[in-house]
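*Asks:* Take this structure, written in structure tokens, and hold onto it; I'll ask about it next.
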Amino acid sequence: MSGIRIILGVLLVAVLSAASLQAQEPPRQSAPAPAGTPAPGTPAPQRGGLSPAAPPPLSQPVSPSQPAPPPALPSLRGCAAPGQILTLTGAALQGAAARERKLALWDGSALLPLDELSRQEGQALVRIPADAALTPGAGYEILLLKARTGLLSAPSHVPAHIQGAQSVARLTACARAAAIGWGGEGTARDLILMVQEEEGARVQARLIADGFDLRERILLPALGRVLFIVLPKEGTSLGDAREELRRTFPDAETDFNHLYGLSAGPKLFAPDLIGWENPACPTSAGTHGTAAFGMIDDGVNGAHPALSGAAGLTLGDFSGEGGGQGSDHGTGIAALLIGEGKPETGFQGLLPGARLYAADIFSGPPEAAEASAARFLTALDWLMARQVRYVNLSLAGPPNRLLEEGLSYSARRGVLFVAAAGNQGPEAPPAYPAAYESVIAVTAIDAARRIYVKANRGAYIDFAAPGVDIWLAKAQGGGSYRSGTSYAAPFVLALGAVLMSADPAEAKADPLSYIRAQLKAHAEDLGAPGYDPVFGFGLVRASEACF
């Protein structure tokens, strides 16, 4: 996640970071501070900025002979865009009284409430609303308001002087490259361009010569590519910049740097539901020889009892946050795949003893975690360099050309990808990467074979697997019941791996087609007869597939 630091003297330090996706089972997915303009094709809002006639909220006493200027407020380096998160810390937020006060943006004429994500002693985590109509280039103050009923109904038009308000910082709305919303284009704040390795130097020189702001150059040797993270030219929208890059570099893959979110004595129905315990389905590590598994997800706590004995677990941190204690989502997925706990604890994985490379690409707090397409590609390159053959993708977001190319390239080399279908509901658009042809899309059902109420639906759904009330490891120890298409995907990945290892010669030519055909042939039809957009080809069944 991106960070922009504000030093507020001895009172406050604010760090601006991206609002991850989470989503749902949410965005850990760090990057430099983003910049922004209105969404592609959307005219800039016409609301005014700071009014020169409005007195500053915290004006000093004025001498009749020599008016004193208002105190200077610290300003953000860079700019702010809708959807971004402010982590505010400092003495101004300490004490019970401070916890009762609200935070808002003030442009001199109207208040824009900030969404409060969490509050603790000395710290507040707030987000600029994703639909905030910030005026490009306009200045805003961050106000710590005296809590009063009705004061924060957005947008609140109030007198210029707000009694009891305290100005703590100033920020500027981005004059370009504002975040684009979910819609058909997804969410993004910058652009990515990917080329063949031998073209990297030429493309980099051209980007700089043409006036693009080159933020980062990332080598992806396992994919044979070079990835560039780019900001548009001053005054150019993300959409216009993307089209210009596509015209200038027709042989490159160019798209928004989309943000992705996580897709989130116990009762243990899931293995029985798919017939996993059938002796005909060997699940030991030896079954898979030297094959390696991978997951691109949130952080994993390898010290959890379900994973502490897993010698085959390797962690890769691409979050930019320097690692940590892991997350419930990532830890739960890892334990579901290779957990070493006793069966009665619920923490015995589907493939105990297997090797698992877990790539953490999410940053931010659990309630607002997100990952960028650039981080996804970096993690994918890391997995391919380690010859991973089976990859779980329990995340969801918009389509992205570069992700599609990276996944397709890897799939052509024999890698099996299984992804969560998404948790945006029946009317939601297709979720990616699940909707790509190179990926098997999995939806979630409960113990009674009913569809998960929040699951996406559509023609891209391939199969259904248990994903409601699944007992999963928690990062800080113990476990909990959780639901989501995220938790259904590992069941299909594990079964696919068993099928691949059972007949490697037949599977080697076209692994994806082979696994789809095998799973389809033995699936239990659910819903409408035959294929349908709710359950796909139906519930995967190990007991029928392993024979």
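*Asks:* Would you be so kind as to identify which of Ile274, Val415, Ser486 lies farthest towards the positive end of the dipole of the stretch 261-545, taking Lys and Arg as +1 and Asp and Glu as -1 on Cβ and the Cα centre as origin?
*Replies:* Working it through, the farthest residue towards the positive pole turns out to be Val415.
*Asks:* Continuing with the same structure: Where does each of 104-115, 479-490 land if you order them by average Cβ count within 10 Å, highest first?
*Replies:* Sorting 104-115, 479-490 by mean packing, highest first, produces 479-490, 104-115.
*Asks:* Label Ile218 and Ser308 with points 7 Å out from Cα along Cα→Cβ: what is the distance between them in nm?
*Replies:* 3.3
*Asks:* Any idea how far the Cα center of the stretch 406-442 sits from the one of the stretch 474-530, in Å?
*Replies:* Spelled out, the Cα-based centre of one part sits 13 Å from the other.
*Asks:* In the stretch 187-259, which GluC sites (Glu not before Pro) are in a loop and have at most 13 other Cβ atoms within 10 Å, using DSSP for the loop call?
*Replies:* Listed in order of number, the matching sites are Glu234.
*Asks:* Rounded, prolate or oblate, given the Cα gyration tensor of the stretch 261-545, with a/c below 1.5 counting as rounded?
*Replies:* Since a/c stays below 1.5, the shape of the stretch 261-545 is classed as rounded.
*Asks:* OK, next. Pick out, in residue order, every one of the GluC sites (Glu not before Pro) in the stretch 386-458 that is DSSP loop and has at most 13 other C-beta atoms within 10 Å; say none if there are none.
*Replies:* Glu427, Glu437
*Asks:* Separate question: Taking just the C-alpha trace of the stretch 188-258, give me its Rg and Dmax in Å.
*Replies:* My reading of the Cα-based Rg and Dmax gives 11.1, 36 Å.
No lab work stands behind these numbers, since they all come straight from the coordinates. Because the structure is predicted, anything quoted here is derived from the model rather than measured. Ideal geometry is used to build each Cβ from the backbone, glycine not excepted, and the neighbour counts take in all protein chains shown.
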